[in-house]
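A short worksheet on the structure shown next.
Values in this text are rule-based calculations from the coordinates and carry no lab data. Only a predicted model underlies this, so the values are computations on that prediction, with no experimental measurement involved. Cβ sites come from the backbone with ideal geometry, for glycine too, and all protein chains shown count toward neighbours.
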Amino acid sequence: MENQYGLYLHRDGTTIRLPVNPESYSVSTDSDNSSYNVLGLGPILIPRTPKLKVISWSGLLPGRADLAAVVTAGAFQPPQFYMDFIQAALADKVPVRFVANRCLEDGTPLFDTNMQVLITRFETEEKGGETGDFYYKIALSEYRDYSPKTVELQQPDASGPVQASAEAARAVPKGQLTVGQAVRVSGSCYRSSYGDEPHGNLSGFLGKISRIVANDPQRPYPYHIATETGAAKGWVKAAQIQAVTS
């Protein structure tokens, strides 16, 4: 029965299937948590966004198509074809798409892995008595697109008159804290919104909110407090803040 389990790499319209499936491959994801010692509590762990996934395996690039393990016998390519493809992606510093197409022995499809990666390591080795065959090791790291997004603005018809409209100012809901608002603050403050390095205790301090990190439950201290002249004091919770009304 045809082996339908396959590993693929895709770039610039070219898709290659590895000619021999590796015995195994690993996908690892490490956490980026930070641990601190807090007076009165002892060691604590602050959860952070996980690091990038890393995929790695060791495999064979056979020099002939008649090996039983070859899954691409109908479209066989020599080892140099795969090595050139991978080395070019490394040299050009561009992401490729990694796909793991999983199927049971009877052809029943399972879930696939489909993600953009950067090739971070590629090693090849030849062994005596196996002329034409290349053994290799490869490592892929998850790629996240960080390029800026662009927005195309539709310009008005230059032949027509220019019209300007004013949007009514939105009312701030009662009790909502905003950047620039004058406040009084009491309690411990921290060097980051995650609660890193407590470095002071405020008692009825009169200042202003200089920054707010909203909608992130991993940041227990989302309000940054500064003096009236803008000097930083630290990060606190909403419960520590009392708005100052004029």
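Going by the conditions given, is Ile209 crowded, with 16+ Cβ neighbours inside 10 Å and in contact (Cβ under 8 Å) with a residue 60 or more places away in the chain? No. For the stretch 114-129, filtering for residues that are assigned to a loop (DSSP other than H, G, I, E, B) and either touching a Leu at 6+ places or on another chain (Cβ under 7 Å) or basic (Lys, Arg) (or both) leaves 1.
Among the residues of the stretch 78-101, those identified as surrounded by 15 or more Cβ atoms within 10 Å (Cβ to Cβ) and closer than 13 Å to Arg17 by Cβ are Tyr82, Phe85, Phe98, Val99, Ala100, Asn101. Against the conditions (1) surrounded by 14 or more Cβ atoms within 10 Å (Cβ to Cβ); (2) touching a Phe, Trp or Tyr at 6+ places or on another chain (Cβ under 9 Å); (3) not aromatic (Phe, Trp, Tyr), Leu104 satisfies every one except (1). Within the stretch 84-113, being more than 17 Å from Asp12 (Cβ to Cβ) and either of a type in the set (Phe, Trp, Tyr) or not in a loop (DSSP other than H, G, I, E, B) (or both) holds for Ala100, Asn101, Cys103, Pro109, Phe111, Thr113.
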